[in-house]
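Below you'll find the structure, written out as structure tokens, and then a few comments.
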Amino acid sequence: MASLPSSTSAGHAKAKAFGISYFLLAIAVVVAVAIGIIRADMEEHQRFFAEQRLVASEQLAEVSSKLTTKITGNVNLIQGLVAAIAANPDMTQTQFEALAERIFSVPSQLRNVVAAPDLVIRYIYPYAENEKLLGEDYTAKPKQSGSVMEAIKRRQTVVAGPVKLFQGGHALLARYPVFRISNGHFWGVVSSAIDAERLYRDSEVDTEQQPLNIAISRRPYPAAKDVFVGDPSVFSQDAVRSEIEIGSDTWYLAAVPKKGWLTSPPSILVFRAHAALIAFFIIAPLIWASRLMRQRHRNLMELQQREEELGEVSHRLSVALEASGIGVWEYDPETGNLIWDKRMREIYHVPLQRETFSYDDWKNALHPQDMDAARQGLLETLANDTPYITQFRVVSSDGEIRHIRANGRVYRAPGRGMRVIGANWDVTNDMLLQAELLNARLRTEEQNAELRATRRTLEHQSLHDALTGLPNRRFLDQFMEARAATDAGQPLAFIHVDLDRFKEVNDTLGHAAGDEVLRQTTTRLLDLIVHDEFAARVGGDEFVVITSGPNIERRARELAQAIVIALGRPIDIDGHKCRVGCSAGIACQTKATEEPRLLLVNADIALYEAKKRGRNRLEFFSDELRMAAVLRKTTSDEFLTALEHDQIVPFFQPQFDAMTLDIVGVEALARWRHPERGILAPDSFLDIAESLNRAADLDAIILEKALSQSARWKALGLSVPHLSVNISAQRLKDRRLFESIEKLDFKPGHLAFELLESISFDGTDETLRTAITQLKALGIDIEIDDFGTGHASIVSLIELGPKRLKIDRKLIAPLESSPSQRRLVASIIEIGRSQDIQIVAEGVETDAHIGILQNLGCNVLQGYAFSKPLPASDFITFVENWQARDGRSMRSAARAG
């Protein structure tokens, strides 16, 4: 039955597709014409835009050429003056002015010229406007000395800038190193200022006649601060670009038309109108012809469809009866005859060849238990002319029982008596299915009961810790949500407990011992809390105890003190007496609107304070602790910004030979140049760097900048033989450490890493030991910082083999007044001498310190008696002065000042 409608639908679909085919040629032509017009339109736009860019590129190239020509011309004008000075280095100011006046008589953008023998300005032109420059020392101004030193180093002219002049305006600075012709010795530097505004104006960078909006930057893809001419946004537009070489620098030019790029050619409307007209004359005739052919085809298809529908309805009726499995019967009550179709004979298991049946054939097939009801229903239908609707069982000749559903109606045909016609269908499978479904429902209900019990068990497990049986973090979260959603009763208090030495038990006795510690901890907590309190395990060794009541602060204090005392008692694990101890932070609800989640955060803040103050204690949360936590968070965010914005800088504290007082080294110390709080020492941010796991980045920045300064000292002829840089445990474990070291330029034996005594002698950490060995193999010395305050043994010291030991300042400070302290320091110095390890004394602040340490045989001294930590520029000045004069007199003068 289903196959015929499908074939008919398919025929209709084919007919529809065939009708559409008349338009395929027209559609193809329309698509082709549309594609052609679109491509032509796009090519016209591209051609017009390319012409605009070509014109703009030529205009920008002209500006670039003018800039290059004028800068080169200005630089070359001064070359004659430089040559004259090289030939006559002893010329007077009058001679200098005469030569300069001739040069300035030539049209140019020169603003002034100065000559600086030995890098101190002695000659100026014009004199009146620039008299303030007389006597200026380039070496005293680091901002100006960079390009000067670069010119001297290269022995050629260097152009820098533009820079802002104190006389007003901006200028390019050309630096000319001058060497005497007579002996080739360095005489000094000649500097000329090229007026930037005149240069831009004369080069037509930004004039009314200039059609381009031009911007100039020192970077090809600049930030706003890198653009020194024009609008920085030009670089982010679809600009034409050019670049010019200015000495050792490169200028990047970008330009767009001041009126913007025109998006469409002026003649585009005419072009489109012509294209549309051509397309119309091509497409219109094709569409008209296609419509006529399609109408003819539609008429033919309608006639064919009506013929198919008539045949389909007739076939559908016959197929429906066959496919449904329904048997049709007709009963004549006057004669008792029955008419059964083929399906009825199959249902009642009678021969298919039999043609005639009677009422008795039906009655004899009925199941004995259903016979009366089935016969009574038929009699009522005949008597009352009501529908015959019933269900009964029949028994076949072989004893098979079938369930039959019957439906019949009374009808009276003209010229004939009463008849009952109806249908039977076999519902045996339905009845069996219903029985199976009933059994399945009963089994399902039983399984649901088991699942509910299992779910209750799983819910309990999901809300409780498997090891201790205590409520877990999920239970605590649900408790806090429920408490926040209801009206508060008694105020709450959260006690956040953390075991102090749990990790040591795990590391030394194993995880099984750690589990036993947690179980015994749970037992002691449960012994302390009452029925309306509960304890939850929220982490590896963290617990939260919740209590409530009218006098909540008193109860919380008493309970927390009891917990600290109880957990401070020894725990017996397989004969080992383990003292774990704990710290507790308490947060009490002070007002009904205070949410439980905030209490948990506050308790955690108080716990952090308890651990910071020495552990095995309790702390109450307070507004001061909140402010400290907020300050720590703010400082953490600012520190991350400092790493990204180059606010971390090295300060340098020199180290001196104890006997000669010569500078023999320097220690690079991290400082934070905070934009609001000024220079901050490491104690303000080192703990934060460790907690953020950014200590390795901090060490890397200081190392890189310190080595850069060391190269600068060498270039200036300063002798600083040894550079020490602090390094943290995080940095030693950083896999990027050795990759970055391979990229650094340093001489073996010149660089040393300072390690805290607690880091260096951690014998359980093989990773640190391996890293130290690799550093020594690369020629980097190892120094032990703050020696005498840690827990290192002499054996581990010998195994490490450091180059230097730095005695902590806490041991140096009492040397003058404490003989026992002097003996301790003397012992450390003797240990170093016996192992060929140099001893460095930190915190040397008085002459008495110096004398005592010299007598004890200390090798190197470092401290405020000589110099405080200095920024890079001040350190250069200090070293120059120290090495130029006698070190002892310098120190005395410094102390007197």
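At a glance:
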item: Single residue of the range 122-173 satisfying the filter (in contact (Cβ under 8 Å) with a residue 40 or more places away in the chain and among the hydroxyl-bearing types (Ser, Thr, Tyr)) that is least open to solvent (accessible area, probe 1.4 Å); result: Tyr138
item: Criterion: open to solvent by less than 80 Å² (accessible area, probe 1.4 Å), touching a residue at least 60 places away in the same chain (Cβ under 8 Å) and of a type in the set (Val, Ile, Thr) - qualifying residue of Val420, Val410; result: Val420
item: Within the range 825-845, tally of residues that are assigned to a helix (DSSP H, G or I), open to solvent by less than 80 Å² (accessible area, probe 1.4 Å) and in contact (Cβ under 8 Å) with a residue 12 or more places away in the chain; result: 6
item: Conditions (1) closer than 30 Å to Leu716 by Cα; (2) outside any helix (DSSP H, G or I); number of the one not met by Ile152; result: (2)
item: Sole exception among (1) out of contact with any Gly (no Cβ under 8 Å at 6 or more places or on another chain); (2) open to solvent by less than 80 Å² (accessible area, probe 1.4 Å) for Tyr359, by number; result: (1)
item: Residue among Arg343, Arg291 that is over 30 Å from Ile38 (Cβ atoms) and basic (Lys, Arg); result: Arg343
item: Those strands (runs of 3 or more DSSP E) lying entirely in the range 616-703 with at least 3 residues hydroxyl-bearing (Ser, Thr, Tyr) and surrounded by fewer than 19 Cβ atoms within 10 Å (Cβ to Cβ); result: none
item: Some residue of the range 380-387 being part of a strand (DSSP E or B), open to solvent by 70 Å² or more (accessible area, probe 1.4 Å) and without any contact (Cβ under 8 Å) to a residue 24 or more places away in the chain; result: no
item: Search result, residues across the range 35-60 that are farther than 22 Å from Ile268 by Cα and either basic (Lys, Arg) or surrounded by 14 or more Cβ atoms within 10 Å (Cβ to Cβ) (or both); result: Ser57, Gln59, Leu60
item: Residue check for Asp430: touching a Pro at 6+ places or on another chain (Cβ under 9 Å) and not β-branched (Val, Ile, Thr); result: no
item: Condition met for Ser264 (more than 30 Å from Gln46 (Cα to Cα) and either open to solvent by less than 60 Å² (accessible area, probe 1.4 Å) or assigned to a strand (DSSP E or B) (or both)); result: no
item: Flag if Glu204 is open to solvent by 70 Å² or more (accessible area, probe 1.4 Å) and under 20 Å from Asn74 (Cα atoms); result: yes
item: Selection within the range 786-822 - open to solvent by less than 40 Å² (accessible area, probe 1.4 Å), at pLDDT 85 or above and in contact with a strand residue (DSSP E or B) (Cβ under 8 Å, 6 or more places away or on another chain); result: Pro802, Arg804, Leu805, Lys806, Ile807, Asp808, Ile812
item: Which listed residue is open to solvent by 80 Å² or more (accessible area, probe 1.4 Å) and farther than 25 Å from Met418 by Cα, from His367, His315, His349; result: His315
item: Residue in the range 645-690 that is farthest from Asn726 (Cα to Cα), counting only those that are over 37 Å from the mean Cα position of the chain (by Cα) and of a type in the set (Asp, Glu); result: Asp662
item: Residue match in the range 448-468 (condition: in a helix (DSSP H, G or I), open to solvent by 50 Å² or more (accessible area, probe 1.4 Å), more than 27 Å from Ala562 (Cβ to Cβ) and in contact (Cβ under 8 Å) with a residue 60 or more places away in the chain); result: no
item: Filter result (assigned to a helix (DSSP H, G or I) and either out of contact with any helix residue (DSSP H, G or I) (no Cβ under 6 Å at 6 or more places or on another chain) or open to solvent by 90 Å² or more (accessible area, probe 1.4 Å) (or both)) within the range 93-110; result: Gln93, Thr94, Gln95, Phe96, Glu97, Ala98, Ala100, Glu101, Arg102, Phe104, Ser105
item: Residue tally, condition within 21 Å of Val148 (Cα to Cα) and part of a helix (DSSP H, G or I), over the range 160-214; result: 1
item: Hits in the range 564-614 (condition: over 36 Å from the mean Cα position of the chain (by Cα), farther than 25 Å from Arg524 by Cβ and free of Cβ contacts under 8 Å to residues at least 40 places away in the same chain); result: Lys591
item: Failed condition for Gly575, given (1) of a type in the set (Gly, Ala, Ser); (2) loosely packed, with under 15 Cβ neighbours inside 10 Å; (3) on the phi < 0 side of the Ramachandran plot; result: (3)
item: Qualifying residue in the range 2-25 (condition: modelled with pLDDT under 75, exposed (fewer than 15 other Cβ atoms within 10 Å of the Cβ) and not in a helix (DSSP H, G or I)); result: yes
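The values are calculated or read from the model by the stated rules, or taken from the named source; none is laboratory data. Given the structure is predicted, the values throughout are model-derived calculations rather than measurements. Every residue, glycine as well, gets a Cβ built from its backbone with ideal geometry; the counts of neighbours run over all protein chains shown. When the accessible area is computed, the model is the full protein with side chains, heavy atoms only, and any ligands, DNA or RNA have been set aside. Shrake-Rupley method; radii C 1.70, N 1.55, O 1.52, S 1.80 Å.
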